[in-house]
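The values are calculated or read from the model by the stated rules, or taken from the named source; none is laboratory data. These numbers were taken from a predicted model, which means no experiment stands behind them. When we count neighbours, we look across all protein chains shown, and the Cβ atoms used for this are built from the backbone with ideal geometry, even at glycine. Each accessible area value is taken on the protein alone, full model and side chains, heavy atoms only, with ligands, DNA and RNA left out. Shrake-Rupley method; radii C 1.70, N 1.55, O 1.52, S 1.80 Å.
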Amino acid sequence: MRGAMAALCGIVLAAGAASAQQTLRIGAINPYSGPLALYGDEVARGYQLAVDEKNSRGGVLGRKVELVRGDAANPQQGIAAVDQLVTRDNVDVFIGTYISAVSNAASDAALRHNKLYWDTNAVAAELTERKLPNFIRVGPNASIFADTSVRAMVEMIAPGLNKQPKDLSVWIEHEDSIYGKSIADIQKKLLEGKGVKVLGQGAHNFRAADLTDVVLRTKRANPDVWLLTGYTPDGNLLLKTSREQGFKPPVILMVGTGDTPETLEALGPEFLEGVFVVSYPRPDISEQFGPGASAYLAAYRKAYNRDPIAPQSLTAYTGMRILLETIEAAGSTEVEKVRAAAAKMDKPLNSYPSGFGVKFDDKFQNTRAIFTVIQWQGGKQVTVFPPEARGSGGSLKNTPRKQ
Amino acid sequence: MDILNILVVGLLLGGIYGLVSIGLNLIFGVIRIVNFAHGELVMLGMYGAYLAYATLGLDPYIAVLLVVPALFVVGIIVHRLVLQPLHAESNMQIFATFGLLIILQNAVLAITRGEGFSVPSKVAGFTFGVGDIRVTVSRLVIFLALTATAIALHLFLKRTLIGKSIRAVTQDRQAARLMGINVERTFTITFGIGSALAGLAGVLLSPIYTLSPGIGGNFILAAFAVVVLGGLGSVAGAYFGGMIVGLVEAFAGFYIDPELKQAIWFLIFLVVLIVRPTGLFGQVGAEEVGFREQN
């Protein structure tokens, strides 16, 4: 008996020492202060849930996983945060970042320390074009935004309006920075490739005090589909102004924003009824499409006592899960080994809670990362595209728009 | 028909710019302080409307009765605690208003975490129209409020003793002091009125926009253009300057390109500065007074 106790103590001591020495530290680079902090926090919540889940099952490679936050709202801070996390906190790998410009600078800095930069939430297409040897993006990029919006239009919206794609007309509106413009340019090319009539492509500043001119120009063009890419303030202002000016396009399709309570509060459920939004997969997707999505939602509610603020956290959670699996497969956190293990990964679509699969191309962009499309129905965001992602009984409402 | 609607859109937009500028113009014209924090005072007015809605359930058109006096008090406090101690160093006053801008933005950010609030109103979104001309209550109210404010401010400056002291200080603060006017108190009151006007603008704008801590910056550039275009310290200048900027923006945005509209009104702004540096309604020489005599 005494011997058994001694042995047990020995094990406990050894385990304690091991975890103190060998904790696997992951530096999470995001804005956690300043005007972008809300979503930075939300993304980190997704990471934390995946880490907690893994730790409750014994960690990774026998090591406890710890998330260390690095606050960065701009590229300079991104570089500083990486340097600090490497030298002060001895992190093993980096994960991030929902601001593309920060991801760009921080991953560069991580390369100088020869650390992996695993990106889950940045969308700028250029990030993987750099072919940095330490950069892997597991989440979807801007061209997948454009591609999903066009597929939804051709495969779901045109039939919903009883039209062939060649009879469909679209106005492409976007905010005028590189983010909006790069998506709009791809949309235009893809739509014209499908024979859809693009009536015009307009740009606006997302901080403009007034967007009536934009709305009136679009109204004059009279499109079937008003395709909007921007941020929350300009999106809300455009929708409000269209209501004031009596502009009633049969379909409004927004890209990137417009699926949060901020838009619901600004416009109200009656006006939003039937508006489509292309965004990150939401936890309401069907279990066949995103296995584990409902378990994720339950874990989120338990940990934070509310529903997710934005769907980005589900994509972040999934991205962290795939990272931890890849590290396990590599048996190491070294850049070359993780990369080799990532290159070998081959999971079909619908393997993870966000509906992702995993298959990296030669630039280490995950080709099986996806966006989904929701429709506002009765003040709720209901996933409607792709059709197999719909929960039971999901169908289109108020298409074409009546009010 | 398009052209009539654009005309109305431009005039109503001019109302927004005029209302944001009128307080800035008063402070600029009288105290000679370039108040960089003016947009943040507008922002405070917006969040004041949100606070009144969230805690008391008030419509912004009622909340205006609480928020405007509150902003008057904020203005008085800011002037007494921050600007008056620096009165001998006008450059430092400008830096101080810039500091104020950063403090106010970040304070609101820390409290709200940057979530985009909306202020609902029962009447603001109501729209009526004749043919293609569409008028929304929220924008019409702003236009009427600006017109009423401009007339009231004009009468206040012309008829009341405080108004006369403000005008006297504007023209020559040295002489005003010799005539027994309390220059410091006049400045404090002026700053309070300017802040209250910013608060008025904020409350009335709140039903239109999605609130964010940085939203003041969306208006401030246009407001400075209006002030310089219309003329320093001139009530009529803020009013008609606002209209001109609003009309130019509406017509240029619709007929040329929404992306170029700002470039076009800054072009006009530059031309006015070159041809008539005092602005359209400013007193000749008024733009120099501030540098000629700082006591």
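Run through the stretch B:32-87 and list the chymotrypsin sites (Phe, Trp or Tyr not before Pro) located in a DSSP loop whose Cβ has at most 12 other Cβ atoms within 10 Å. Provide the component values of the computation, followed by the final result.
Working: sites: B:Phe36, B:Tyr47, B:Tyr50, B:Tyr53, B:Tyr61, B:Phe72; in loops: B:Phe36.
When the chymotrypsin sites (Phe, Trp or Tyr not before Pro) of the stretch B:32-87 are filtered for loop state and at most 12 Cβ neighbours within 10 Å, nothing remains.
For the peptides A:34-46, A:81-93, residues were scored by their other Cβ atoms within 10 Å and the scores averaged per peptide; the highest-first order is A:34-46, A:81-93.
Extension gain, A:Lys363 to A:Glu334, is 8.6 nm, computed as 0.36 nm per intervening residue step minus the present C-alpha separation. Centroid-to-centroid, using Cα positions, the stretch B:40-67 and the stretch A:368-398 are 36 Å apart. Relative to the longest principal axis of the Cα atoms of chain A, the long axis of helix A:37-56 lies at roughly 40 degrees. Set the Cα radius of gyration of chain B against 2.2 N^0.38 Å, with N its number of residues, and you get 0.99.
Taking A:Ser103, A:Ser242, A:Ser392 as the candidate residues, the one with maximal mean-square fluctuation in a Gaussian network model of chain A, Cα springs under 10 Å, is A:Ser392. Taking chain B as a Gaussian network of alpha-carbon nodes connected by springs under 10 Å, the highest mean-square fluctuation of the residues B:Gly18, B:Gly216, B:Gly116 belongs to B:Gly116. Principal-axis analysis of the Cα atoms of chain A puts helix A:312-330 at an angle of about 40° to the longest axis. A crude spin-label estimate for the pair A:Arg207 and B:Asn106, with each label 7 Å from Cα along the Cβ direction, gives 1.8 nm. Summed over qualifying helices (DSSP H, 4 residues or more, each -39500 (n - 2.57)) and divided by its residue number, the protein assembly as shown shows a 222 nm mean residue ellipticity of -18000 deg cm²/dmol.
Relative to the longest principal axis of the Cα atoms of chain B, the long axis of helix B:2-31 lies at roughly 20 degrees.
Relative contact order of chain A, taken over Cα pairs closer than 8 Å and 6 or more residues apart, is 16 percent. Before anything else, pin down the relative contact order of chain B: Cα pairs under 8 Å, at least 6 apart, normalised by residue count, whole percent. After rounding, I find 37 percent. Exposure here means at most 13 other Cβ atoms within 10 Å; with trypsin sites (Lys or Arg not before Pro) in a DSSP loop as sites, the longest stretch of chain B lacking them is B:123-295.
Here the label points at B:Leu273 and B:Asn182, each 7 Å from Cα along the C-beta direction, are separated by 3.8 nm in the simple model. When you look at the Cβ of every residue in A:228-241, what mean number of other chain Cβ atoms sits within 10 Å? Counting Cβ atoms of other protein chains within 10 Å of each residue's Cβ and averaging gives 3.
For the pair B:Phe156 and B:Ile133, what calculated FRET efficiency results from E = 1/(1 + (r/R0)^6), where r is the Cβ-Cβ distance and R0 = 30 Å, to the nearest 0.05? Kindly include the intermediate steps, with their values, before the conclusion.
Details: r = 34 Å, r/R0 = 1.12.
Approximately 0.35, to the nearest 0.05.
Result for chain B in a Gaussian network model with C-alpha springs under 10 Å: among B:Gly14, B:Gly163, B:Gly231, the largest mean-square fluctuation is at B:Gly163. One Cα centroid belongs to the stretch A:252-320, the other to the stretch A:74-146; the line between them spans 24 Å. Of A:His113, B:His154, the residue with the largest accessible area leads and the full order is B:His154, A:His113 (1.4 Å probe). Exposure check, 1.4 Å probe, all protein chains in place: B:Met92 carries approximately 80 Å² of accessible surface.
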